[in-house]
1. Give the residues of the stretch 306-337 that are more than 17 Å from PHE233 (Cβ to Cβ) and of a type in the set (A, V, I, L, M, F, W, C), sorted by residue number.
2. Given the residues THR305, THR283, which is the only one that is free of Cβ contacts under 8 Å to residues at least 60 places away in the same chain and within 18 Å of ILE209 (Cβ to Cβ)?
3. Any residue at all in the stretch 348-359 that is among the charged types (D, E, K, R) and over 30 Å from GLU31 (Cα atoms)?
4. Looking at (1) free of Cβ contacts under 8 Å to residues at least 60 places away in the same chain; (2) within 20 Å of LYS331 (Cα to Cα); (3) among the hydroxyl-bearing types (Ser, Thr, Tyr), which is the one condition that is false for SER201?
5. Just the residues that are at pLDDT below 95, among the polar types (S, T, N, Q) and in contact with a helix residue (DSSP H, G or I) (Cβ under 9 Å, 6 or more places away or on another chain), please, taken from the stretch 46-67.
6. Hey, among the residues in the stretch 27-65 that are part of a loop (DSSP other than H, G, I, E, B) and of a type in the set (S, T, N, Q), which one's surrounded by the fewest Cβ atoms within 10 Å (Cβ to Cβ)?
7. Quick one: LYS189 ticks every box in (1) outside any loop (DSSP other than H, G, I, E, B); (2) among the charged types (D, E, K, R); (3) touching a Ser or Thr at 6+ places or on another chain (Cβ under 9 Å) except a single one, so which number is it?
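The values are calculated or read from the model by the stated rules, or taken from the named source; none is laboratory data. Treat the numbers as computed from the prediction; the structure is a model and nothing was measured. Backbone-built Cβ (ideal geometry, glycine too); neighbour counts: all protein chains shown.
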Amino acid sequence: MNNKKRILVLSSLDHSLINFRGDFIKSLVKEGYKVYAGAPEFGEQKLKELKALGAIPVSYYLQRTGLNPFNDLKTIFNLKKIIKENNIDLVYSYTVKPVIYGSIAANMNKTPVVSLITGLGFAFTGLTFKARTLQRLNEFLYKLSIRKNKTIIFQNSDDYQLFLDRKIISKHQKVGFVGGSGVNLEQFKTRVNENSTDVISFIIVSRLIKEKGIELYLNAAQTLKVKYPKAEFHVIGAPENSPSAVDSKKLNMLNDDGTIVYHGPQNNIPQHLYKRDIFVLPTYYREGVPRSILEALSVGLPVITTNTPGCKETVINKKNGFLIEPQNLDKLIEAMEYFLINKESIKEMGINSRNYAKEKFDVNIINKNLLKMINNILNPTTAH
């Protein structure tokens, strides 16, 4: 049994390994790989869950926010040691810091790397001086780290084009494409789409930062609640410390006066989605393919999101929802009001969402593609 090939799946958060890569880890284990799951620290519950999937949790040093050359070097050498000591055959890394530092560490050990670009985040919005400075730095670090990687996987073609345009990678580099982390269609079953009441309810599930469009959603709710007092505007997300975080006092105030229903962070997202009618994410953050939208599609909700990289892949405009221009409050209000006026289209667009999730974002299809890419590297003679 010791001749199993060993894969290190590298993340920046323990819960992400379960929530976003749990099905993928299961697929790797089933395929006969020995899977190590790397994160900076593990809660007891997540340790149990990862072990139940058949993975071996490995903690490594990482300062998740900010940049400090000494801390970053410490991360690289810590990862290099982990890769060497566990005889890792391939590193599969995702999100910015694990991709950059995991790639450098693996390259130092001459260990193959497959890295997944899960969206470029705040740094690539170009909206502020800080964002532009971070973008230049991230471009430099990506160039330094991923050029020797066996495969770089993108979640949308816009990110790939940007990496080419910025000369972060060359057009000869081996790349792959997947529709986000995928969605488990069994876990997010289609809802019984029969709203017999005259209450139309909207929901946003997101990090509560301005770039995700939460302020726009709150402003739209304030406008629409006056005209449609029965409409409901639900918000799920944890308060954040980020400079662009939405003021929790504002959330609580709008909740108390009945404009919104603020649930805070929640673990049972499917149960909340089943009870709502329309999913909204007016983000202008540089997304990969937002997992929250995939979950809403799978449940069978129409989706209102922005015509931006990663989001525009999830909606066929006017078929399963609406694509609006980012940071445009009037267009957001118009799209939301459409469903308040045309209640009958909620069911039809919701069915189209579920069908689109089945066709394009089923986690089994996505994991099959990922496994094929990994098998081609580790078992080229038997790859299927």
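1. Hits for the stretch 306-337 are CYS311, VAL315, ILE316, LEU323.
2. Values: THR283 fails: free of Cβ contacts under 8 Å to residues at least 60 places away in the same chain.
On inspection, the qualifying residue turns out to be THR305.
3. The answer is yes, given that some residue of the stretch 348-359 is among the charged types (D, E, K, R) and over 30 Å from GLU31 (Cα atoms).
4. Condition not satisfied by SER201: (1).
5. Listed by number, the list holds a single entry, GLN63.
6. The residue in question is THR65.
7. (1)
Yes/no per residue for (1) in contact with a Lys or Arg (Cβ under 9 Å, 6 or more places away or on another chain); (2) assigned by TED's automatic domain parsing to the domain that holds ILE18; (3) within 15 Å of SER11 (Cβ to Cβ):
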site	(1), (2), (3)
ALA52	no, yes, no
LEU67	no, yes, no
ASN71	no, yes, no
THR75	yes, yes, yes
GLU85	no, yes, no
VAL91	no, yes, yes
LYS97	yes, yes, yes
VAL114	yes, yes, yes
LEU120	yes, yes, no
